[in-house]
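Written out below as structure tokens is the structure these notes cover.
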Amino acid sequence: MIKTLFLLLPLLVFSGPISMEHAQLKPLGKIVKTNAQITQLSDQKQKIVSRLPGHIEKYFVKTGEHIETGDKVALIESIDLSKMSAEYISLRQQGKAAKEQLATARTLYKKGLTSQNELNQNIIEIEDVLAKQNALESQMKSLGIDASKLTEATDQFILYAHADGIVGEIFVPLHSNVDAQEKLMSIVNQNSYYAIAYLGLKDAMLVSNKTTGFVTVAEKKYPAHFVQLLPTIDEETQRAKILFIMMENPKNILINAFTEMEISLAPYTKAVMVKKSALTLFQGEWVVFVETGHEEEAHNEEEVHGHDDHEDNDKEKSHDHNNHEEVPYEPKVVKIIAYNGDNVAIKGLEAGEEYVAEGVYFVKSMILKSSLGEHGH
């Protein structure tokens, strides 16, 4: 029993990273490799602008930094804000005086010491002051300033982010003067990325709602689905532009970067596919590893031979195990038809057949080790 455990231990060590999957029958079209540009739609980019003319005193963010809604992005000093806040404080004082005058006018009116016209004039004056005050309060609120808390004039206001994203580009240097509505920086929303693929006219006419592809970013492939055949031809390359939406978003990606894309075009046929990670070169041929039925066959043979041969077989097996380990996998030669993203269409394996999808290196090592043991014997 102890000896058996020692013999199984190497297999248990190797079997940890090994995972099995079933070959699948999937649609396969004509695979076209082409250039593609990573992009975003215009409504996915937020432009931070200065609401008033002023001077950029400080940036709270830098290019490439992730920010969230409500984060500070810039501090601006503005003479216009100084005038605006001073006027607001003055109007607030005028409003208080006007209210006192109105209260006095009402008292006098009740006693018959003033006319209705004089009372109405006081009401009009206070409404005019309050209207101007409310307008300034609203303008300062849009700048992130709570006017009700002002005790003196201020010339500084802070710009805040209105959406989550990455700081894409800062257009205006620090300590520069800016005009009202001038763009200071762009914030890139990371919810969705798109790829514009460049195809020849003949291939572009084969694109449909079923068209899929894979965009390569940092040597990893990301699935993408067809969105739209753009109405204009690229002037430099004279190729059609196809818009795809990326179904998975890389963590770090550069907008407007050019990369490679694989697109599957009609007509489509069914093909047996396995993971690309399952393929490996073994003795000069492409193979995938499958489980062997050797152990079960050996067990059946033992039952057929009977008890008399059992002791002899045990001696032989004990001797063989001292020289090499039994490996429960074997290579199966396949022919590669086409690569399709992270999958490969092959011949040599049936749909539904189980194969080693991950841990191919460990399986190959086990087989080579077993082979060396046999040769030593």
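Any read-out appearing in this document is the output of simple, stated calculations on the displayed coordinates, not a laboratory observation. What you see is a predicted model; the values in this text were computed from it and never measured. Virtual Cβ from ideal backbone geometry, glycine too; neighbours counted across all protein chains shown.
Set the Förster distance to 41 Å, then compute FRET efficiency between GLN121 and VAL49 from the Cβ-Cβ distance, nearest 0.05. Once the sixth-power term is evaluated, E becomes 0.45. Here the label points at THR280 and THR104, each 7 Å from Cα along the C-beta direction, are separated by 9.8 nm in the simple model. Between LYS220 and SER370, residue separation times 0.36 nm minus the direct Cα-Cα distance comes to 50.6 nm.
Placing a pseudo-label 7 Å from each Cα along the Cα-to-Cβ vector at LYS30 and LYS62 gives an inter-label distance of 5.0 nm.
What is the total of Lys pairs in region 82-149 with C-alpha atoms under 27 Å apart, excluding same-chain pairs fewer than 8 positions apart? Pairs that pass both the separation and distance tests number 18.
Spacing of the modelled spin labels on LEU113 and ALA135, each 7 Å from Cα toward Cβ, amounts to 3.5 nm.
The calculated FRET efficiency for the pair ALA257 and ALA180, based on their C-beta separation and a Förster distance of 35 Å, comes to about 0.55. For a 24 Å ceiling on Cα separation, which of these pairs sit above it: LYS33/LYS202; LYS210/LYS275; LYS202/LYS276; LYS276/LYS332; LYS33/LYS275; LYS251/LYS364? Checking Cα-Cα distances, LYS202/LYS276; LYS251/LYS364 exceed 24 Å.
The alpha carbon convex hull volume per residue for region 12-133 rounds to 417 Å³. Taking the three principal axes of the alpha carbon atoms in region 82-149, the coordinate ranges are 47, 16, 16 Å, sorted in descending order. Restricting the GluC sites (Glu not before Pro) of region 113-183 to loop positions (DSSP other than H, G, I, E, B) with no more than 13 neighbouring Cβ atoms within 10 Å leaves GLU152. Roughly how far apart, in whole Å, are the Cα centres of region 351-370 and region 88-150? Region 351-370 and region 88-150 have Cα centres separated by 85 Å. Charge tally for ALA98 (other residues, Cβ to Cβ under 12 Å; Lys, Arg +1; Asp, Glu -1): 0.
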